[in-house]
Every structure is written in C-alpha cells, then in structure tokens.
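These notes are about the structure you will find just below.
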2 protein chains.
Amino acid sequence: MKLISENRAFGGTHLRYSHPSESTNCEMTFAIFLPPFASKEKPVPVLYWLSGLTCTDQNFMQKAGAMKLASELGMAIVAPDTSPRGEGVPDDENGSYDFGLGAGFYLDATQAPWNKHYNMYSYITDELPALVENNFPVTKERALSGHSMGGHGALVIGMRNPNRFVSVSAFSPVANPTECEWGKKAFSHYLGEDTEQWKAYDSALLLASKTHSIPLLVEQGTSDEFMQEQLKPQALVHGAQQSDTQLTLNMHEGYDHSYFFIASFIEDHLEFHAGHLGLI
Amino acid sequence: MKLISENRAFGGTHLRYSHPSESTNCEMTFAIFLPPFASKEKPVPVLYWLSGLTCTDQNFMQKAGAMKLASELGMAIVAPDTSPRGEGVPDDENGSYDFGLGAGFYLDATQAPWNKHYNMYSYITDELPALVENNFPVTKERALSGHSMGGHGALVIGMRNPNRFVSVSAFSPVANPTECEWGKKAFSHYLGEDTEQWKAYDSALLLASKTHSIPLLVEQGTSDEFMQEQLKPQALVHGAQQSDTQLTLNMHEGYDHSYFFIASFIEDHLEFHAGHLGLI
C-alpha cells in the first residue's frame, strides 16, 4: 500500500492509499476515515461506502458530512473507487459516464475485454476488507452502504453476503438494473447477452427470490431526476412483498439525486449501522 | 437574478444564482442556503462565507458540512464567488492560481486593467447584501466568515465595517498579506506599488491600528502547509496585543489547510455567530 495523502479530521484521520489489486489487475485507490482512539487494542468496526457513477474514493469523504458522527460513534469508513482505472483498463468506446471507467457496477465481468479488470464484486466483497483488516485497527464487523450505482452494489453485495456484512443501506439505488438503461448497457457488456446471468446483480430480483434476514434501509428523494427511468424504488417494495423480507424505504419529498440529499440523511444511516455493529 | 440550480438540503433549500454586478462589471455567481421556515414573516439572519484561492461559490456549500446546524439554528448562508469572471475579465498572465481569476482578494483594485472588474470589497460589503436582502426572506443582521484568502477578506471587511456585520471569524486566514508572497503579488497588481495603500487590506495591521469592538474568532491548524510563509497567524496576536483588541485564536494540533479542517470546526463558528445574531 502506498499512502497518497493524510488529513486530520474530527479528531481522527482521513487517509488515501493506492495498492495493486488481484481482483482488478490494476492499481486501486481507496480512502479510509479512522475515528479517534482506534487502536490495535481497541479496533473499530467499518462502514464500506460504495459511490455512484463517475465518482472516486473522494466524493463521499468530502461531501457527505459523515465523519462527525462516525468520529463520535467510533466507526471507521472505507470508500473505494468505483471501477478499475489506469493504462490498459478498457473504457466505453465513446467515453460515456455510465459504462467503463467510473462505472464498474460492483460486479465480476465475464466477458472480454472487461473480465480482466472489471471485478469490483470480488474486490469489495473479499479483497478490500482483507486488506483493510490486515493494515488498520479495525474489527471484522462490516456494514455496507452506497449511492445510486453504489446503492445497487451495496444491496446486491449485502444480500448475497449476509455472513460478511451485518447491515446494508442505500441512497437512491439503481434497484432493478435488469430493467433500466444504465443496467442493461452495463450488464450486456460486462456479463453478456444471456439475461439469466444478470439476475444475480439485481437487488429487486434478489429481494424477491427469498426471505433475507440482513437489515435493509433505503432512502429515496421524490424529486430525483433518475427515479422513474433508472432507479425504480417501487421494484424494491414489490420484491420485499414477494419474499416477505423486511425493508425500510423512506421517501423524501423534494430531495434530488445529489450529495445534498445524502448529507441530509447520512446520520440516520450511520446510526442504523452503528446499532447493528454494536456501537449503540 | 437567474436561478442556476436548486437542491433541497436539511429541510431547507440550496440555491445558486447569477446576476449582473455593478461593482465587478460582470456576471457574478453566488449560492444561498435558506433554512426551513424562512419566510417574509419570519426572516432569518445571514452568514456570508468568503472562500479561498481557486474556489467558487460551491466549495463551502458542498464540503463544509455547515447546513445541518444552520438549518437547526435558522441561519441563512451566502457563499459568493472569489473573483469576477467571464469574457473580458483580465487574469494572471501565466494563469497562476494566486492572482486574477479565483483570486480577487476581496479588495477594490485601483490599478488598470484590474480596477474595472476586481472590486470584490464593494461587492461583498454593499452590493451582495443589498441584493440578498431584496430577494430573500432575510434580515439585515449579517455575520462574516471565510477561509485563507477568504479569511483575510472576512477579517478586513468585518473590522472596517462593524456597523454592517455583527461578528467575524476566519479559518487559516492570510492574516498579514503585506508581508507574504500571495499578498505582495496581489496587492502590487491590484493596488499598485505604493505600499501605504495596502495597509487598509491587512487584517494584522488593521487590528494593531486601533481597538476593535467587533467579535473576532480565528481557527488555525498547526500542520497547515501555508502557515509560516503565507498565513502568519502570529501577526494577528501581535496586532491584537498592540491595540488591546479581544481576539480568540484557536490553534489545532495536526490540522491542515483543507476543508477537512473547516468541517471539523465549522459548527463552533456557526454557534459563535448565532450568539451574536441573536439566534441562541
């Protein structure tokens, strides 16, 4: 691991690192916030935050306003990048924002040329937690949250790995990617044309498929410009009803897709995860 | 005024506008956060925030984490841009970050070609408050704060206009610009070579010149990479001692010049101003 930068914040420390990744076959960057007094003797649990399209490890750390309460709760936060990057990593042929660099969709690609690098599912589920737990004063208690494409990633990874994450939440998630243009474009490239293979990465379908016991919390703004076409929160409600899974979906009048929405409600999510992480 | 964007945030509203400015002879952009329930019947006081070199109206609104407490306190926040901009506005000949666009230094330039547009002192002191008070549900009670170059601007404008601002604060201000490279470069261009003319824009010298009654609060991180060469907080202490003016300067071990520092302590400043604005 290579230290990129270090800032004191809210009595704790915000650090950025890069490291070679086996999952993605490239150098990956992530940020970690360590609260005050985190030490080998008193390790802290970790909230992993998955960002949305076009983001890096920096958006959440700079804009969400999460560090104050994380500092008070004694919770670390890890924010990975949203895709592999660097020379040799293929990108959308038109450089579009919704596929390729900055748009890894938190899946393991099966199709060439994407499958050499675009393996964010394995990176988030296994490689990054192992790296973090080997190098920082943290426990193996993990929670997971994210926004938009990262809300999709959080819900999918959380529901498929309830043994690895104690709770999962999302802001404005791409809830039913097999049925929206962002998802169809990404999945057809990364996973191929067999739509059966897509279902393992669709949180609404995963939710409908069986009763899940991992605690699930979702926020959605009603003035979100992507809600009807791309996010489809109603598919989550439908899925939860089919499987009799408990889901909390909070709709917020007038809020949009921006970080102003995330910042307005992030503390509710930190408290939700803190409860499941045994911090409160 | 032309509305650029609108986001709901913390129960209130974050708005961005552009408007033609008489002071700066160009189109200016500013952001305003209005807390919940601000109305003509219940107007709220305003904290003006002056940003640092290279910033726009957006940095503070996105990164400072100030809206939560401002919402609870019932305080509006206005964040102007840091310089005139647009076609015909002259810039540093090398495009440097520390002079010209993004670097108006909150003064009224006297030297051509700068004096046609670079009149941020008049813009912040008179024009912008008048515009804001004519168009939003706010009172004429104003507080002033800022960071780095904006900390310089806040201290200078606040001390010179105690009838217009009830309290002034700064993070990591350029406290003694007549004695640092950033200040010398900017002042020699905007104000000319007569260094007597510079003194009206140096907060350490203003502080030393007479006893000031406007409440003053300053935060400074000890790991700030600009502290010794550009910021010179010790000059403020020296000035306050000479004039017997009350100044609170808090030094914070290990904090740097970034927004992580501002975010860590912004709520202390909101509470300081709220006290003087009669909100608490």
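Readers should treat all values here as calculations from the given coordinates under stated rules, not as data from a laboratory. Since we're looking at a predicted model, the values are computed, not measured. Note that we place each Cβ from the backbone using ideal geometry, even for glycine, and neighbour counts take in every protein chain shown.
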Per residue of the range A:132-148, what does 6.51 cos²θ - 1.76 cosθ + 1.60 with θ = phi - 60° give for ³J(HN,Hα)? Whole Hz please, x for Gly and Pro, Karplus curve as stated.
4, 6, 7, 10, 10, x, 10, 8, 8, 8, 10, 10, 9, 8, x, 10, 6
Longest exposed-site-free window of chain A, the sites being GluC sites (Glu not before Pro) in a DSSP loop that have at most 16 other C-beta atoms within 10 Å
A:94-192
Distances in nm between the label point of A:SER188 (7 Å along Cα→Cβ) and its equivalents in the other copies, shortest first, are 6.2
Could you name the lysines in cross-link range of B:LYS2, using Cα to Cα under 25 Å and dropping any fewer than eight places away on the same chain?
B:LYS40, B:LYS42, B:LYS63, B:LYS116, B:LYS140
Which whole-number percent gives the relative contact order of the range A:2-277, counting Cα pairs below 8 Å spaced six or more residues apart?
17
Trypsin sites (Lys or Arg not before Pro) restricted to the range B:56-146 and DSSP loop, no more than 13 other C-beta within 10 Å:
none
Estimated vicinal HN-Hα couplings, Hz - the range B:243-257 in sequence order (Karplus 6.51, -1.76, 1.60; Gly, Pro = x)
9, 6, 8, 7, 9, 9, 10, 9, 9, 10, 4, x, 7, 10, 8
Pop the C-beta distance of B:THR248 and B:ILE280 into the FRET formula with R0 = 22 Å and round what comes out to the nearest 0.05.
0.80
Once you've got the GNM for chain B with C-alpha springs shorter than 10 Å, pick whichever of B:PRO20, B:PRO173, B:PRO43 has the biggest mean-square fluctuation.
B:PRO20
Charge dipole of the range A:2-277 built from unit charges on the beta carbon (Lys, Arg +1; Asp, Glu -1), centred at mean Cα; most positive-end Cα among A:ALA175, A:ALA109, A:LEU34 is A:LEU34
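Checking the a/c ratio against 1.5 first, then a/b against b/c, what shape does the Cα gyration tensor give for the range A:104-223?
Details: a/c = 1.79, a/b = 1.20, b/c = 1.50.
Here the range A:104-223 falls in the oblate category.
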Could you please report the charge total around B:ALA204, scoring K, R as +1 and D, E as -1 over all other residues with beta-carbon less than 11 angstrom from its beta-carbon?
0
What percentages make up the Cα-Cα pair-distance distribution of the range A:89-133 when the bins are 5 Å wide from 0?
6, 23, 26, 22, 13, 7, 3, 0
antiparallel share of DSSP beta bridges within the range A:97-237, to nearest 5, in %, is 20
Computed over the Cα atoms of the protein assembly as shown, what is the convex hull's projected area averaged over all directions, in nm²?
26.3
Rounded to the nearest 0.05, what FRET efficiency do A:GLN111 and B:GLU225 give with R0 = 51 Å and r taken as the Cβ-Cβ distance? Could you check?
0.65
Out of residues 5 or more away from A:ILE4 or on other chains, whose amide H comes under 5 Å of its own, with H placed 1.01 Å from N in the peptide plane?
A:ARG16, A:TYR17, A:SER18
Of all DSSP beta bridges located in chain B, what percent are antiparallel, nearest 5?
50
Taking each label point as 7 Å beyond Cα in the direction of the beta carbon, state the distances from A:GLU225 to the same residue in the other copies, shortest first, in nm.
3.4
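Counting helices only, and only those DSSP H runs with n ≥ 4, report the 222 nm mean residue ellipticity of chain A as the sum of -39,500 (n - 2.57) divided by its residues, in deg cm²/dmol to the nearest 500. Could you put the intermediate results ahead of the total?
Numbers: 8 runs with 79 residues, N = 280.
Per the formula, -8000 deg cm²/dmol.
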Hull surface divided by four, with the convex hull built on the Cα atoms of the range B:2-277: how many nm²?
13.2
Sort A:SER188, A:SER51 so the one with the fewest other Cβ atoms within 10 Å of its own Cβ comes first.
A:SER188, A:SER51
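Can you give the alpha-carbon Rg of the range A:50-106 over 2.2 N^0.38 Å, where N counts its residues? Walk me through the numbers before you get to the answer.
On the way: Rg = 14.0 Å, N = 57, 2.2 N^0.38 = 10.2 Å.
Relative to the rule-of-thumb radius for its length, the range A:50-106 sits at 1.37.
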Roughly how far apart, in whole Å, are the Cα centres of the range A:33-66 and the range A:153-194?
21
How many nanometers, to one decimal and shortest first, lie between the label point of A:GLU27 and those of its other copies, if labels sit 7 Å from Cα toward Cβ?
4.0
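With an 8 Å Cα cut-off and a minimum separation of 6 or more residues, compute the relative contact order for the range B:62-213 in percent.
Reported as a whole number, the value is 19 percent.
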For chain B, size of Cβ-based charge dipole, Lys and Arg +1, Asp and Glu -1, in debye
820
